[in-house]
Amino acid sequence: MDERKALIEIAGEKAVVRLLWDEAPQICKALWESMPLESTVHHAKLCNHEFMAQLELEAPAENFAEVRVGDLGWWARMQTLNLWYDTPGPNGPLGPTCRFGVVETNLEGLGRAGKKVWEQSGQRIRLSRAKEA
C-alpha cells in the first residue's frame, strides 16, 4: 500500500490528503509527478459544499464512486479537481466521480475556507507533497 500524501493549502487553511493509490493509480501518479500545483479555486453554486479547481494535469477517468464528505474527485474531461468539505446539498454531487483522495486532517478548516471562497471568489489553492511527520 502506497502511503504518499498530498498537502492542500487554501484560504489560510492546510489539510493532509491520503491519496488512493490502489483505487486510482493513474490520477495519483499524474498528480504526484506534477506537484506542486497552484490554481484559482471556485465554490460550487449548484452542488453546495464543494470546491473546484482547474489544474494543468492530464489524468484519465478511473475509480468512479459515490463521493462522501472529505473526498477528492477528478473530472478528467475538464481537468478539474473537486473537494467536498461538508454534507452535499440537495443538488449534489451530481453522480459518481473519479474518487482519488480523502482528507485526513483539518476538514473543519476546509469548511472555514469554503465560507471564504463562497464570499470572495478567486482564492488560490496549492497542492504539494506532504512531508513525513
The range 1-26 residues that are modelled with pLDDT of 95 or more, paired with ones that are charged (D, E, K, R) and crowded, with 22+ Cβ neighbours inside 10 Å (beta carbon under 8 Å, 6 or more apart) | L20/R99; E23/R99; A24/R99
Filtering strands (runs of 3 or more DSSP E) wholly in the range 39-133 for at least 1 residues that are surrounded by 16 or more Cβ atoms within 10 Å (Cβ to Cβ) and modelled with pLDDT under 85 gives none
Inter-residue pairs, beta-carbon under 8 Å, first more than 14 Å from Q54 (Cα to Cα) and in the range 104-130, second among the hydroxyl-bearing types (S, T, Y) and surrounded by fewer than 12 Cβ atoms within 10 Å (Cβ to Cβ), 6+ apart = none
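The values are calculated or read from the model by the stated rules, or taken from the named source; none is laboratory data. For clarity, every value in this text was computed on a predicted model and none was experimentally measured. When we count neighbours, we look across all protein chains shown, and the Cβ atoms used for this are built from the backbone with ideal geometry, even at glycine.
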